[in-house]
Structures are given as structure tokens and as C-alpha cells.
1. Across the stretch C:93-335, what fraction of all alpha-carbon pairs, as a whole percent, falls in each successive 10 Å bin from zero upward?
2. Taking H placed 1.01 Å from N in the peptide plane, check which residues at least 5 places from A:Leu327 or on another chain put their amide H under 5 Å from its amide H.
3. Roughly how many Å is it from the Cα centre of the stretch A:102-152 to that of the stretch A:16-62, as a whole number?
4. Along the charge dipole of chain C, Cβ charges K/R +1 and D/E -1, which of C:Gly237, C:Cys147, C:Ile114 sits furthest on the positive end?
5. By how many nm would the segment from A:Thr17 to A:Asn529 lengthen if fully extended, with 0.36 nm per residue of separation less the alpha-carbon distance?
6. Which value at 222 nm does chain A reach when only helices count, each DSSP H run of 4 or more adding -39,500 (n - 2.57), with the total divided by all residues and rounded to the nearest 500 deg cm²/dmol?
7. Dipole of the protein assembly as shown, Cα-centred, from +1 at each Lys and Arg C-beta and -1 at each Asp and Glu C-beta, to the nearest 20 debye?
8. Using a simple spin-label model with points 7 Å from Cα along the Cα→Cβ vector, what separation in nm is obtained for C:Lys95 and A:Ala516?
Amino acid sequence: MTKPLLQIDNLHVTFSTRRGPVEAVRGVSLSLAPGETLGIVGESGSGKSVTGFAVTRLLDPAGKISAGRILFRDREITKMSNASLREMHGSAMAMIFQNPRGALNPIRAIGAQIADAILAHRKISAEAARGEALDLLRAVQIRDPEKRMSAYPHELSGGMCQRVMIAMAISSNPSLLIADEPTTGLDVTTQKVVMDLLANIAAERGMATILITHDLGLAARYCRRVVVMEQGKLVEQAEALTLFRAPNHPYTKRLVAASPTATSRVEDLVTGEENLLAAVPAAPLPTPVHGTPPLLDVKNLVKRFDDGTVALKSFSMVMAAGESVGLVGESGSGKSTTSRMICRLLDQSEGTINFNGESIGHLPARDFHRAPQRRDIQIVFQDPNESLNPRFTAFDCIAHPLMRLAGMRNGDALRQRVRECASRVGLPSDLLERFPHQLSGGQKARIGIARAIACRPRLLVLDEPTAALDVSVQAVVLQLLDRLRREDGLAFLFVSHDLNVVRMMCQRTIVLRNGAIVEEGESHALFDNPQTAYTRELVEAVPNIELTPVAAAG
Amino acid sequence: MSSATFQHAAFILRGNPITGIAAVGAALLTVLAIFGLWIVPYDPIASDVAHALMPPSAAHWAGTDQLGRDVFSRIIVAAQLDLAIALSAVGISFVLGAVIGALCGYSGGRLDRAVGRFVDVLMAFPLFVLAMAMVAALGNRVENIVIATAIINLPFYIRFARAEVNVRRNLGWVEAARASGESHVSVVLRFLLPNVLPAMVVQMSLNLGWAIINAAGLSFIGLGVKAPTPEWGIMVAEGARFISTGKWWLVAFPGLALMLAVLCFNLLGDGLRDILDPRQRT
Amino acid sequence: MKLATTAKRAARRFASSLPALFGVLIFTFLLMRVLPGDPAVFFASGPNAGKEEIETIRKQMGLDKPVPQQLALYLYDVGRGNLGRSLMTGQNVTKDLKERLPASLELTFSALLIALVLALPLGILAALRPGSLIDHGVRLFCALGVCIPTFVSGLLLIYVFYYLLGVAPDPTGRVDIFISQPPSRTGFLLIDFLLAGDLDGWWAAFKQLILPACTMALFVIAPLARITRASMLASLGSDFVRTARSVGLSWWRIVVTYALRNAILPVITIAGIVFSTMLGANVLVEKVFSWPGVASYALDALLSSDYAPVQGFVLLMAFVFVIVNLVVDVLYGIADPRISIG
């Protein structure tokens, strides 16, 4: 075996916070051979990013390496002087960050920024540095590189900014590249392009790569070896395929089960006793009675904003009671706008919406709170942190629609009903008196769902309900939603960018792009055998655990 | 307020005792403003020409002025007027600004544009000059100092409330309130405003110091309050005539009072901001 | 090309400030209408003007006409530069203001210069060493600086430097009356003395200027240093500075090219607001130092119920402020590419 490029021994990182020291990394040891690709996988709070920042010594001022050694090419990084660190940054190891646009200087042309990185390590003329910067832009496949040299970050898309970031990182040929959630926040097709580029460049130049990510599929596709972290500790490490096919550690098992893949079923997401669906037999979904009007009938919906932009060009759909329909698309596809209009929180510019045979599209959104259908159409919002009023307790949040829409008054009946809703979403009733900031993300998500189902609606619009949640929490929430749907005969309009989730949760799926419907059909058929190029592109871009890693070939 | 908020406040105060001192200072100032007239050693407007222009001594802690009046007593009594002007001015702009700003920030559209134009016009004037002009136009009276100070403060509150509401109007919990059957107006007044108010109270506290300086400045140049009423700005103005002959106490002590009052409110505002949002701490 | 976009932007910005300027005119017009007393009286030749004369002026000014027509007349007058006549000086207000404006501007600009020269390095140093002695010093200074009203600090400076130390000249006016004035070219004495090659005169004017300028600067150093520190801290902690460190840029390059250039943007904005504060503080400082500028002129007029100069002054200040905002905006556009291209 060759000598490791990087060797971490018993690393501890401590952050000093207002509540005293918090240990974010607790005794991590790992090693990395030259040219190897390693994935560090974990949920939020696992310490995976902190480990990366400790290796590059770019921790926040509040964070300190409290114990352990980091050897890079046999040099002790933890004791390095600032001058040698500066020398090492960029030329020996470089980093790629989350949020690429924020990572670039907003008021400096990207060409100049790449040239800065080159000039930091080599004494060449400014002209020569610019020439090399241009070559690097070509290497990261930026179109029109001559023109882009003088562009500023705000003129580029997120994916482009990440390529510029990659160009800066590789400008002085480091032997180690650490990528911290490099594609979080990017669309799935962009993610694939950026990750393929990164993998190719690393392979070409023989750079070792550490990919820090929460996405098991991503790690499986691009890394030969993967380590799993939980609460600052390394719980398991193995070859990617072995790890995901036959996980050893209970946490890894949970994590692998919770990550939706092309073949996952909601029932299998959660292992052991926490499984909500194990106890509930899969009730047959209600078949629509012939002759009754569909629950939701939307025709030729169009949305133009005041500034002239068209968010939705034309949208029509029909939905039966108890049916679940997925609405997928990348950012800017108009999926959120559509869901807001169907919920009557936003007025459409054109088009009709019929609910249960009655027109609701003609009611302006500002008056819909008085409409009888208000309690029948409810919504669960994306970010649980932002979906609860900071001044309401959990109880108030759930009680609010009951008081407004079901006409209940403060009293025992209301208390009883709120507790019942809370227990249906698995929220312990002693948490009802807490404020949002005292609750975890998963608990807040449950409150958001309890609030939406409190008045027993018939249509529930779910706007990326789990996008902000860790995958193990997502698994529980998805199970919960599925159970509620079966029990109440609820109809779902499930808005998401995550194809695997939609495939699992929805009977039918509609694919949106740039405000228009690209394709629609039965979920499994649509994803297994897409009819349009765009849907195929989407499906292929999703990294799945089952796929053989591309990096393994190189 | 929940007990958690109190705990948080206690935690902040322990780490930042200055806020505690500022709070005590502000409380003390309020007590002086209310009871000043009963606790001062001398009548603030009775002249005693025999003892005019005496430097600070045991009998007269802050010396006497050109009419032999006790400067210390006058400073204490003046607290009432100065604080009353600043508080009522800031209170008016706070209430008006919060409601107008919140409505604009939520609704956007025509109302927002119209109010925006109005604010632009107000902001096109240097504010102190605007206040001067308004007092001149409305009449040289104390009420008009209050009105003028309130109006020049208004743009800040409108903009602040507007911005705070604007960033929140599309948050999940606001849309959830509407999905739970609330009308737009009730969303603004019962949901958004209460969430924006704490931050605005901080602004108010920071603004109070500025309003005190502003009102004192107006009376310094001879607008609003008239002699012989004890008021910090006027006292400095009267003392100014004697500064070239070295009678420093006539300026220094009322000036010190002004400074301490402003300092208290500013530090209190900074501390409140920390308590409300530890992240904003710089 | 950069110049062309900047010019285009300046023009557009000026055009967009026209409605506000128009609002300012309406506002001053309304101010004149609600002013106590009869406007005709103070446009008359003097306090002893006869009833007939006032009646004629009333006709001349169109005060017997409906309000919209009066507004049109007022706008027409302002357009021609006719702001009425001052009772105190008996002169045309426009002429009075023109004579006194350089004194005010010289004071304000000197103060701004002093404030910027002190505040920027202080703020930057404090941000570079957060928690250090200099940081605490700067924060204390900022906390105290905004609390001392200019009229108090000015008087105390006079006490110390004129009465106690005797190094400052008598705090009245721009220059000793015994020193011959330089030929007026710019109206700024410091520049005019230099142009005339009169160094003694320059020194005398400088000594007169330094106390009032410092008084005003003291008041605005605090907000400037505070925002410099805060925005420098924010940009030093930003993602792009971390990126700059991650590729090994030198300390100097990180601090100057990456952090400082970004941190300066909010400072430019605040500098505009600070300038507005200074135009207001002018009134107080000019009174304390008997400075013969537009503000003390307006103040004297105000206290003797001579309203035409007050209106002229308010209008002038609003105009100056609009121009300053324009300059600030253009500077911002040059400093921030995100704006000038959009």
C-alpha cells in the first residue's frame, strides 16, 4: 500500500459557544491515499463539514482543533504556522464550497479572481496569469470563456459559479481537493454536470478528492470509498458498494433504508419499531365513483406577474378524490406558483379551477378565506423553520385553523381536538406548549402537517414538505403523510424536485419545465420509461445508490 | 414573555452588564423626570443674583447661572420636558410608521408607491433643517417640536416596518395563517405586526437618544421651548454666552446630562437587540 | 464604455430624483402658505412698507389668485432664481445665499474629510483585531461620539482651546477681520489663499476652520467608524474571503482587494446619510462659531420672522442633498459592478 496522502488521527474539534464548549468532531480517524476519492456522508450535525474545514484549517474562529493529529504528506497540519498554511492552501490542498455564488467575490471579475489564485503561488506576469485563467475556464467547460473572463458572479448561474470555483481550486494543481456539499441547492441536472466535471478533472490530474455530502446516492456514484459520520463520530467506513448493499452499523442501516431510490417503497423507509406503516395495512385506495365530478379540475391556468414575467404558461390537470399527484420540476419551472394558485393564496391570470364540481377559480385569493372550500384545501409548507409563527406555541399553531375554519372556541373540546391531531402526527402532547425555536426540524414539520389536517381537508397541497429535512427525518415524515392519506382518503398534490420521493409517494406525476407541462402519466411508467428527452435527462441525473460509481472506472 | 426569554435575557445580562447598567440608568432617568420637581435642592427658576455665575461648590453641585439659579436643580427638572418631548415624538412616529410601513410592505402596489414617494420627499431634506422649517411654519411652540421631530423620524419607521414585513410576507407561517382563514388585514395586524414589533422597539430605543439630541438642538437655536423653562438645550444656549470667559459648568453639566441620557437609551437599545437576536451581535 | 454607463446611470438617477425635487418644491410652497403672517409682507421692501405697497406686491405675487395658479407662479419664480427678498439684509435671498454658501460648504467638506480620514482606519483596525484593545477603544469612542451633541462639544472645544490653552483664535467668523481677504475664485478660503500664495492668510483661515470642522467631524466619526467596522467584520467573515484564504492569497490581498473593497460599499451609502446629518448640524455649529454660512443666515432670519431666507435655505439644502445623493449613487455604481450593469 502506498503511503497515505492524508492521515487523520483521533481528531477532536470544539466550538466555543454561548452555552459553553460544544464538541462537533469527536475522535475521527481516517486516511486517504493519493488520487483516492472518499465520500464523507452524514446528516446535519454529524460533523462532516467541520472535519473538512479542520483539514484545511479554515474553521470559524470559534472552532478549535482540541486534540488529534492531521498529517498531510507527513506534515502536521494542526501545528502549521500561518505562513506555511498560506503556502499550502491552493497549491497542496484546495476546497470547493456550498453556495458557489456566495463563495466568489461579488465585485471582482471571475477572470481576475482565478488569476489572483494563480499569482498567489507563482511569480509570473499578470498577463500570463490571465492566460492561464482563460485555459482554466476552458477546462471547466465554460462557454465563451474570453467573454466570461470579465463577467461578475451575479451574471452567472449557480452551476457556472461552481465551475469557476472549481477552476480556482485546481489553479495551482493541489493534490487534495475537498468539496463540501458542492451541489446542494443546484438543480439535479446541473448537479450531474458539475459532479461529472469534478470527477473527470480529479481523475485527469490525479487529485485525491473528499466529497462531503448528505446525499448517499451522490457519494455512491462518485466515491470509491465512503465513511459515515454521526454526531461527530465515524461510525462505519467501507467501499461504497459494500457499504450501501450491506451496511453494518445500525445507523448506516437506518440511513441507507431512509434514502429513497428508484425502487424504494414508503413502507421500507424506516426500519424497526418506528415504522409507522408496518401496523397499518395498506388500505385499498378509493376508486372514483363514475359520474361524480373530479375533486380538482384545473384548466389552462396562466400566471403573469406585474413585471411581465410569465411564471406559468399553461397548466391543466384533473385529480380524483383520494388520488396523489406529483408535480416535479427544477427551479423556475412554475411548480410552486401553480400550487399557490390551486390553494387560492395567489390569483391566476387566466384559467379556471373547479373543486368538487364548483368553481373556485373565480374567487379572488384575497376573499377566499371566507369561502366554504377554504377548509377543504390545505397546504404544508416547505421549510418547517419558516412555516410556524415564532410567537405561537405548537398548540396555538394547530388550534388556529380549528378556531378560524371549524368555528371551535377555546375550551376542552378544542384542547381535545388539538391533542388528537398531535397524536395523529406522532407529536408528544407535552411538546404542545413549546415555541418553534424550542423544537427540532422534524417536530416542526409534524406541527405543520397537524395544522393542515386539523380541519380534515380533502385536498392537501404539499410544497416540498421534506426538502429542508435530514433524510432520516424525511423518511418518517413521508411515512406519516402516506398513512394520513390512506386513513382519511386525502388527495395529495405533491410538489417536489426529488424524483425518487415523488415516484414513491404519488400515483401520477406531472413534469413541469419553464412554466409548461412536459410530460405526465402514471409515476412508475413515467420514470421507468420517459417519453420526452427532458424527463429522461432528469431521471438519469438522479444519483442512485444502486449505480456503479463512475469514479471507479478511472 | 416566556420563562425561556427571561432566561435568555438573564444570560445576556450576565455576559453584558453594560445593558443592565443602561437599563438602571434609564429607569433612574424616568424617576427623576417624574419626581424631579420634588427632590431638587433649589427652585429651578428662582433667581438669586447675589450668587450668580458661581463655580461648582458643595452648596451648588453644578454651580449657578447668570441669574444665580442652581444649575443642578435645573438639570434635574429639565429631564421631564426633554424626555417627554422625545418620548411622545418617537411614540407618534413609531405607531404611525409601524402601521403604514406594515401595510405597505405587505400589500405593495399603489399604496406602497404613494407612500414611497412621500418618504422620498421627506428624505430629500436634511432632517434637522426639515424640523427647523416645520417648527417655523407651524409656530414656535413645544407641541410643534414634538410634531416636527415625529415627522422627521417617520420615514425611518415606515421603511423599517416595510422592510421587516416585506421579508416575512411570503414565509410559510404567514401563508399558513391565510390558509387557516385569516384575511389580509388581519394577517398584517394580528400576525405580522406582533412579530415585527420587538425589532421596532429596539429601533425606538436607539432612536430615542437621537430624538433627545434633536429636540435639544432645536431649543438650542431658540425654537420651541422658551427661557426661563429649564431645558437642557436652552441651558447650553444660555451658557454659551459665558464659555469664552471660562464659565464651563453652564455648558458642561447640561451637556453631560444630555450625553448620559442619550447614552443610556443607545446602550439599552443595543442590549435589547442582543436579547432579541443574538446573531446580530457585532 | 464604463464611463458611458456611469454617465447614463447618473442621468437616469437624476431623472428619478426629479419627482422628489418637485415634491420638495411643493412642500416649501405649502410651508410658505401655512407660515404665520402674510407672505406679501416679507416680500415687500422693508418692515415699514405701506399698505398700498403690500397690496401691490400681493397682486404682483398673485396671492389673490387661486392656489394652483399661485403654485405655478411660485415654480416660475424659483425657476428664474427669484426666492424673494430678505427683510434683514434687504437683499435678494438668492444673492445672500450665493455669498454664504461657500463658507458652509467649506466647513462641511473639511469636516467630512477629517471624519473619513479618521473613521475609516479606525473602523478597519478594529475589525482586523476584534476583541483587542483598539477594538474596545473604537467601540467606546463610537458609543460616546453619537451621544455628545455638536453644540456641546463645540462649546467645550472653545473652552479648552481658546480659553484654557489659548491656541485657537477668537471663535467668530471665517478669518480674522484684520487679514485681507484673498480674491474670491472658488469661495473656499483655504483654496483661495493658496491660489493667491498668501500662506499667512491660509494659516489664519485654517485656524478658524479647524475647531468648527472638528466639532462637526466628531459627531459623524462614530457612525462612519461603526459601519466601517461592522461591514469590514462582515466581509472578513464572508464566504468569499474564506475562498480567498482557501486558495492561499496573501494577507494583504485578502484584506484590501477582497474584504475592504466590499466593505466600503455600505460605507459609501452611510456617508451620504452622514452628509445629510452634517447639513443639519451646520445650523448648530455655525451658530456656536458665528460662522457666516447659509445656515446661520437662515437661523437669524427665522428668529426675526423673516421667512423668505428660511424657505430659500430649505430649498437650497434639499437641492444640495439631492446632488450629494447623486454623487454617492454614482460612486456606488463605480464601486459595485452589480449595479452599474443592471
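The values are calculated or read from the model by the stated rules, or taken from the named source; none is laboratory data. Just so we're clear, the structure is a prediction, and the values are computed from it rather than from any experiment. FYI the Cβ positions are ideal-geometry reconstructions off the backbone, even for glycines, and counts take in every protein chain you see. Keep in mind that these areas ignore ligands, DNA and RNA; they rest on the heavy atoms of the full protein, side chains included. Shrake-Rupley method; radii C 1.70, N 1.55, O 1.52, S 1.80 Å.
1. With a bin width of 10 Å, the distribution comes to 7, 26, 31, 22, 10, 3, 0.
2. Sorted by chain and number, the residues that satisfy this are A:Phe494, A:Val495, A:Ser496, A:Ile510.
3. 30
4. Value computed over the given set: C:Gly237.
5. Here the answer is 179.1 nm.
6. Using -39500 (n - 2.57) per qualifying helix, the result is -10000 deg cm²/dmol.
7. Result for the protein assembly as shown is approximately 680 debye, rounded to the nearest 20.
8. 7.3
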